[in-house]
Protein chains: 2
Amino acid sequence: MTTLSGKHIAFLATDGVEESELSKPWEALKEAGAKVTLVSLEKGEIQAEKDNEKTRTFPVDDLVGEVKVEDFDALVLPGGLQNPDTLRSDKNAVAFVKGFFKAGKPVSAICHGPWLLAEADVLEGRKVTSYKSIRTDMLNAGARWTDEAVVVDGNLVTSRCPDDLPAFCEKTIEQVAKANQRKVA
Amino acid sequence: MTTLSGKHIAFLATDGVEESELSKPWEALKEAGAKVTLVSLEKGEIQAEKDNEKTRTFPVDDLVGEVKVEDFDALVLPGGLQNPDTLRSDKNAVAFVKGFFKAGKPVSAICHGPWLLAEADVLEGRKVTSYKSIRTDMLNAGARWTDEAVVVDGNLVTSRCPDDLPAFCEKTIEQVAKANQRKVA
């Protein structure tokens, strides 16, 4: 069985995050043995949504301006509309995303989460998927877009929507485990 | 005084439209003498929002699959997040936007409305503004982006956010009036 014991995963999200795209990978990674941390823009709680209706809240663990890429082994970017739209306007959030690519650490983004990848300018030549509405933004950012449940390209895992969460979680766990093996080797 | 008597303006919007970005240009164009029509994806009403909270609804006049660019003299694209995100996935909506550019008719887009311009692939070399979060998407679509209340480039008027509505309405009316003069000349 895959164990991610000793691995520390950052989830970057804010208000308007799609609930299942935060909660499902969170639970899956925790169950696999990883420590998970919710990084956001402000202290307190963030408001989740499902299909543009407000649902539950999630407590923020750390602020994006106060953490470092070195503190984490991988990054997860959930979707929702307002969530990445707000995060991409925050220079600390964009620098945080860029930092994981510079360090070659695993990054997993789902639905509208890949907007942050366009903002961080890390998509040139990358094979990705995303929610269908932002396909053109992905292509214009230099990505090669494909309509699949999950796409793995180097350190990057992307998926289209909540229906793809089982494949998204599986590949994210695989990538974090591989990064672990590379470190040990 | 500018009169738009005899001019027919299409507003293309769906659920999640930012209320003031629909209602203010709507009232301004109507007051200037134009006929205004709300074009959408489905019959009934669309749900407006203000700062991601639901507000009032607006009755839909016509369906985008059942109208033609020739029926209108100009197009207005309000913002909101969910609104353009949904519209850009609809091929009739994207073709409708493209049609106004092919015909050289005035198009005015505000806030997140310009996402539809990226989708319609009409931004190459165009000077535009938009809501700050989609600046990168505009640049990647080939636009020259600038941080101004209102930008006019040929038939295209763009603005950043609800605060810019007075300038946006003024320039939209000017452009429709000019198109009128061109037709008469």
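The values are calculated or read from the model by the stated rules, or taken from the named source; none is laboratory data. Given the structure is predicted, the values throughout are model-derived calculations rather than measurements. We place every Cβ from the backbone using ideal geometry, glycine too, and count neighbours over all the protein chains shown. The protein model used for the area step is the full one, side chains on, heavy atoms only, and it has no ligands, DNA or RNA in it. Shrake-Rupley method; radii C 1.70, N 1.55, O 1.52, S 1.80 Å.
Some notes on this structure:
- Annotation: the antiparallel percentage among DSSP beta bridges lying fully within the stretch A:8-184 is about 30.
- DSSP-defined beta bridges in the protein assembly as shown - what % are antiparallel, rounded to 5: 30 percent
- Volume of the Cα convex hull of the protein assembly as shown, divided per residue and given in Å³: 127 Å³
- Distances between copies at residue A:8, taken between label points 7 Å from Cα along the C-beta direction, are 6.4 nm in increasing order.
- For residue A:157, the residues whose amide H sits under 5 Å from its own are A:107, A:108, A:109, ignoring neighbours fewer than 5 places away on the same chain, with H placed 1.01 Å from N.
- Separation of alpha-carbon centers, the stretch B:12-27 and the stretch A:113-168, rounded to whole Å: 30 Å
- Ascending list, in nanometres, of distances separating the residue B:148 label from those of the other copies (7 Å, Cα toward Cβ): 4.5
- By the Stokes-Einstein formula, at 1.306 mPa s and 10 °C, the stretch A:8-184 with its Kirkwood radius over alpha-carbon pairs has D equal to 102 µm²/s.
- Excluding ligands, DNA and RNA, the accessible surface per residue across the stretch B:8-184 is 41 Å² with a 1.4 Å probe.
- Among the residues of the stretch B:77-109, those with an accessible-area drop of 20 Å² or more from chain alone to full protein complex, heavy atoms and 1.4 Å probe, are B:81, B:82, B:85, B:88, B:89.
- Mean Kyte hydropathy of -0.5 or more with a Cα span along the axis of at least 27 Å, helices from DSSP in chain A: A:165-184
- Calculated translational diffusion coefficient of the stretch A:37-129 (4 °C, 1.567 mPa s; Stokes-Einstein with Kirkwood radius over alpha-carbon pairs) equals 94 µm²/s.
- Placed amide H near residue B:36: partners under 5 Å, 5+ positions off or other chain: B:9
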